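The structure appears below as structure tokens.
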Amino acid sequence: MTPKSEEELAQMIAGANGPLRIKGGGTRPIGHCEGDVLNTSAMRGISLYEPGALTIVAGAGTPVAEVEKVLATENQRLAFEPMDHRALLGTEGAPSLGGLAAANVSGPRRISVGACRDFMLGVRFVDGQGNIIKNGGRVMKNVTGYDLVKLLTGSYGTLGVITEVSLKVLPDVETTGTLRLHGLSDHQAVTALSAALGSPFEATAAAHFPKGPSGDPVTMLRIEGFADSVKYRADRLRDLLKAYGEVEVAVGDGAEWGLVRDVTAFADQPGDVWRISAKPSEAPDLVARMDAKAVQYDWGGGLIWALTDKGRDLRAAMGAFDGHATLIRGAADVPTFQPEVPALAAITAGLRAKFDPRGILNPGITT
């Protein structure tokens, strides 16, 4: 089923007599969801772009590449740096704007500007009964009543099928600088990254590879902005971090951060891939308990990507911790998403009962 309009989508959902699997660009098949495929790719196109207001509105099926191309003509960008999962998951197709919103997809820059959810201004969607709902608008302070924009973002299609997204965008940057340190242990790296992120020099990304391209540990920081500002801040950060070793500084297009964002180091490696959100201070100890084949730290240690043997329950290996683990790639016989505590599970069930009382939208995706 590939509806060409919001009204057609509403009719399809209202008339459905079984589960529906929501699909946009088809690049993020995460979770164990069964049902008839409901494809939103035909509901595409940019309906409004106001560069002066830093606002863009487009259909859910609009390819992200199309949005980024239009924004680039005005030297603007999607500041939350959405990840492209295709290499990691071995998928084809084109990531869609609705998919970004449904999964709250965000990249390394999240530590400095926020997640996709923080840039959502408005949303249109169809709930599990076929009702067309609009919430939010085209400016940041527009919400009265329930903030369904934030609720829908990251709901993975379980509360409604997104048909249109309104987003805040930001100006692009002139220059990117990358600082590198070599040979740090995981604990040293997280401490160094935390010091940099806590400084006034505005790092926009912070990553660590226990095994970098050369096989040795490499720790990376990114700064962005006008050329003079980047140079000044790079010099100050180098002074701040010299206690941890020699600091290399490179100024260029920052292409290597796309590899960090898309976790391409794991793309061709066999095994399951987990995405773990944790306190940076606890991340090295968590990694020590994982016995993973490879790991990658992002967000200054707040995000861990782990490559493990197939079918392994990484949550059991880590034990209880203050965070959550999501199985991004693999067939382990465990829930895709972190099991919720009873109080939160009750809230989730209540929301789903309200927006999808028949339980037909992406059923089973969280199990």
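Every number in this text was worked out from the coordinates using simple rules, so none of it is lab data. Everything numeric in this text was worked out from a predicted model, so none of it was measured. Using ideal geometry, Cβ is built from the backbone for each residue, glycine included, and neighbour counts are taken over all protein chains shown.
Quick notes on this one:
- All C-alpha to C-alpha distances of the chain, sorted into 10 Å bins beginning at zero, yield P(r) values of 5, 23, 31, 26, 12, 2, 0 percent in whole numbers.
- Each Cα pair under 8 Å and six or more residues apart adds its separation to the average, and for the stretch 175-262 the resulting relative contact order is 44 percent.
- Karplus-derived 3J(HN,Hα) values for the stretch 213-228, using 6.51 cos²θ - 1.76 cosθ + 1.60 with θ = phi - 60°, are x, 8, x, 9, x, 9, 10, 10, 10, 10, 10, 9, x, 6, 4, 5 Hz; glycine and proline are entered as x.
- For the stretch 43-54, putting each phi into the Karplus relation 6.51 cos²θ - 1.76 cosθ + 1.60 with θ = phi - 60° gives couplings of 8, 10, x, 8, 8, 7, 9, 10, x, x, 8, 6 Hz, in residue order, rounded to whole numbers and with x for Gly and Pro.
- Straight-line reach from residue 310: taking Cα to Cα under 16 Å and skipping same-chain neighbours fewer than 8 places apart, the aspartates and glutamates in range are 268, 272, 291, 333.
- Under-5 Å amide H pairs with residue 83, H placed in peptide plane, nonlocal only: 106, 107
- Amide H partners (placed H, <5 Å) of residue 38, local residues excluded: 21, 22, 23
- Of all DSSP bridge pairs formed entirely within the stretch 266-357, close to 100 percent run antiparallel.
- On the basis of the beta-carbon distance and an R0 of 45 Å, residue 66 and residue 243 show a calculated FRET efficiency of 0.45.
- Debye, to nearest 20: dipole size of the stretch 254-367, +1 on Lys, Arg Cβ, -1 on Asp, Glu Cβ: 360
- With the charge dipole of the stretch 6-171 set up from +1 on Lys and Arg Cβ and -1 on Asp and Glu Cβ about the Cα centre, the Cα lying farthest toward the positive end among the listed residues 153, 90, 59 is that of 153.
- Placing unit charges on each Cβ (+1 for Lys and Arg, -1 for Asp and Glu) gives the stretch 167-256 a dipole about its Cα centre, and among 200, 187, 250 the Cα reaching farthest toward its positive end belongs to 187.
- Amide H contacts of residue 176 (H built 1.01 Å from N, in plane; Pro and chain starts excluded): 252 sit under 5 Å, all sequence-distant by 5 or more or on other chains.
- Rounded to the nearest 20 debye, the dipole magnitude of the chain is 540 debye, with +1 charges on Lys and Arg beta carbons, -1 on Asp and Glu beta carbons, and the Cα centre as origin.
- Neighbourhood net charge (14 Å Cβ-Cβ; Lys/Arg +1, Asp/Glu -1) for residue 153: +2
- Packing-based order for 313-324, 206-217, using average beta carbon neighbours within 10 Å, highest first: 206-217, 313-324
- Relative contact order, percent, the chain [alpha-carbon distance under 8 Å, six or more residues apart]: 19
- Reachable aspartates and glutamates, given that their alpha-carbon falls under 12 Å from the alpha-carbon of residue 150 and they are not under 8 places away in the same chain: 118
- Assigned charges on the beta-carbon of Lys, Arg, Asp, Glu; the stretch 23-170 dipole about Cα centre (debye): 320
- For the stretch 266-357, the Kirkwood radius over C-alpha pairs fed into Stokes-Einstein at 37 °C and 0.692 mPa s yields D = 233 µm² per second.
- Note, ³J(HN,Hα) from phi for the stretch 104-116, Karplus 6.51, -1.76, 1.60, rounded to Hz, x at Gly and Pro: 6, 6, 9, x, x, 6, 4, 5, 10, 10, x, 8, 3
- Shape call, the stretch 175-262: gyration tensor on alpha carbons, a/c limit 1.5: oblate
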